[in-house]
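Read through the structure below, which is laid out as structure tokens, and then see the notes.
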Amino acid sequence: MSQQIIEKIQTLKKQRNAVILAHYYQPPEIQEIADFAGDSLGLSVQAAGTDADVIVFCGVMFMAETAAILSPDKTVLIPDVNAGCPMADMITAEQLRQFQAEHPGALTVSYVNSTAEVKALSDYCCTSSNAVQLVESLPADRGILFVPDQNLGNHVKRETGRNIVLWPGYCRSHVLIQPDEVQRLKAEHPEAVVLAHPECTDPVKDLADALLSTGQMLTYVKERPAPAFIIATELGILHPLKQVNSSTTYIPASEKAFCENMKKISLEKVLWALEDMKTHVQVPAEVAGQAKLALDRMIEVLPQK
Ligand code: 13P
Ligand code: SF4
């Protein structure tokens, strides 16, 4: 059955001149049919540069919106319109306006996991791959408002020593990773290297050997092999990790680190999206124009390897 669906997807993809982009947290079968699987920054770069007419975005809404903003002349489809990001919804445009009014003169850096309206009010966007480099490039005398993820924001604050005011948002999949569980796994597997995503809480990050975006985790396990890795991020990453280095052991830091929104995308829904050309993600031109300025500044900043 799945093979039939995959064949239909491939045929329709050619007819529509479509490209399928998938985040590393997507179900394995979706990553397998994608033309490009990647982290948030890699996906934005792909979305901005593709010459396809249609982008089928297998991820969550803020990612599809980002693709629509970066490629306004393309048709961006999301296979499930209910695939949202609870963290992105933790700050509204109105709340950001109020936050900015309370901190006049500060620059606003928004994590790409935010709504288009919030990006439009921001000076810069960043992803977990380039947040530290981006903040380091900003004038030293300016205060910075970082929204919406307090955990990534605090990582940037600690790394750069900059005057950053944090918004109290968080990723509910990453905060379920508990430090005592990581400590127990470390004691059981003393040979394991701990890789954590900056969306984890500080006590988990303090136990890690490296703090990396999803894409950086793949580079790490390829270039710095170890007998085992404890992986503190969403469980979808285990699939591409095994593909880039299958000769090691991956131990999830928590079986609870599961993003149900990322898993709303299925092969059937990808096929229906291409058949019906739905759901078309559109961002009002004025919001998109403003948000694009912040996103273009994000894409210019090269991440740390
Ligand atoms: P990255 O893939 O950029 O590390 O982002 C993680 C994430 O939470 C995406 O929703
Ligand atoms: Fe949002 Fe967290 Fe899911 Fe990423 S993993 S989409 S930040 S809820």
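The values are calculated or read from the model by the stated rules, or taken from the named source; none is laboratory data. Just so it is clear, the model here is predicted, and its values are computed rather than measured. Heads up, the Cβs are rebuilt from the backbone with ideal geometry, glycines too, and the neighbour counts pull from every protein chain shown. These accessible areas exclude ligands, DNA and RNA; they are computed on the full protein's heavy atoms, side chains included. Shrake-Rupley method; radii C 1.70, N 1.55, O 1.52, S 1.80 Å.
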Report task. May I ask you to list the residues in segment 160-212 that are closer than 22 Å to Ala131 by Cα and more than 23 Å from the chain's Cα centre (by Cα)? Result -> Gly161, Arg162, Asn163
Query raised in the report: Pro252: modelled with pLDDT under 95 and either surrounded by fewer than 24 Cβ atoms within 10 Å (Cβ to Cβ) or closer than 30 Å to Gln15 by Cα (or both), yes or no?
Result: no
Query raised in the report: Looking at Val156, Val193, Val182, Val204, which one is part of a helix (DSSP H, G or I), more than 16 Å from ligand 1 (Cβ to nearest atom) and not acidic (Asp, Glu)?
Result: Val182
Query raised in the report: Would you pick out the residues in segment 12-66 that are open to solvent by 10 Å² or more (accessible area, probe 1.4 Å), under 17 Å from Pro240 (Cβ atoms) and within 13 Å of ligand 2 (Cβ to nearest atom)?
Result: Tyr24, Tyr25, Asp39, Ser40, Met63
**Report entry** Only one of Pro72, Pro86 that is farther than 25 Å from Tyr170 by Cα and either touching a Lys or Arg at 6+ places or on another chain (Cβ under 9 Å) or within 14 Å of ligand 1 (Cβ to nearest atom) (or both)
**Finding:** Pro72
Query - Among residues of segment 177-208, those that are closer than 21 Å to Lys157 by Cα and of a type in the set (D, E, K, R), counted - result: 4
Query raised in the report: Looking at segment 125-138, is at least one residue within 15 Å of the chain's Cα centre (by Cα), surrounded by 24 or more Cβ atoms within 10 Å (Cβ to Cβ), in a loop (DSSP other than H, G, I, E, B) and among the aliphatic types (A, V, I, L, M)?
Result: no
Query raised in the report: Mind checking which pairs have a first residue in segment 261-272 that is within 16 Å of ligand 1 (Cβ to nearest atom) and a second that is open to solvent by 50 Å² or more (accessible area, probe 1.4 Å) and part of a loop (DSSP other than H, G, I, E, B), Cβ under 9 Å, 6 or more apart or different chains?
Result: Asn261/Asn82; Lys264/Asn82
Query raised in the report: Can Ser44 be described as outside any helix (DSSP H, G or I) and closer than 20 Å to Gln290 by Cα?
Result: no
Query raised in the report: Which pairs have Cβ atoms under 9 Å, sit 6 or more apart or on different chains, and link a residue in segment 85-100 that is more than 20 Å from Thr127 (Cβ to Cβ) and small (Gly, Ala, Ser) to one that is in a loop (DSSP other than H, G, I, E, B) and more than 16 Å from ligand 2 (Cβ to nearest atom)?
Result: Ala93/Leu121
Query raised in the report: What is the number of the single condition among (1) more than 16 Å from ligand 2 (Cβ to nearest atom); (2) open to solvent by 10 Å² or more (accessible area, probe 1.4 Å); (3) under 28 Å from Phe36 (Cβ atoms) that Thr160 does not meet?
Result: (3)
Query raised in the report: In this structure, does Asp89 turn out to be acidic (Asp, Glu), modelled with pLDDT under 95 and surrounded by fewer than 24 Cβ atoms within 10 Å (Cβ to Cβ)?
Result: no
Query raised in the report: Pick from Thr214, Thr233, Thr160: which is among the hydroxyl-bearing types (Ser, Thr, Tyr) and over 30 Å from Glu29 (Cα atoms)?
Result: Thr160
Requested in this report: Restrict the check to segment 225-233 and report whether at least one residue is open to solvent by 60 Å² or more (accessible area, probe 1.4 Å) and over 9 Å from Leu195 (Cα atoms).
Outcome: yes
Query raised in the report: Give me the pairs: first residue in segment 120-136 and under 14 Å from Leu41 (Cα atoms) and in contact (Cβ under 8 Å) with a residue 60 or more places away in the chain, second residue among the basic types (Lys, Arg) and in a helix (DSSP H, G or I), beta-carbon distance under 6 Å, and six or more apart or on different chains, which are they?
Result: Tyr124/Arg297; Cys125/Lys119
Report summary line: Filtering segment 16-37 for residues that are on the phi > 0 side of the Ramachandran plot and either in a helix (DSSP H, G or I) or in contact with a helix residue (DSSP H, G or I) (Cβ under 6 Å, 6 or more places away or on another chain) (or both) leaves a count of 0
Query raised in the report: Within segment 54-92, which residues are under 13 Å from the mean Cα position of the chain (by Cα) and assigned to a helix (DSSP H, G or I)?
Result: Met61, Phe62, Met63, Ala64, Glu65, Thr66, Ala67, Ala88
Report task. For residues that are within 16 Å of ligand 2 (Cβ to nearest atom) and not β-branched (Val, Ile, Thr), tally how many sit in segment 67-92. Result -> 12
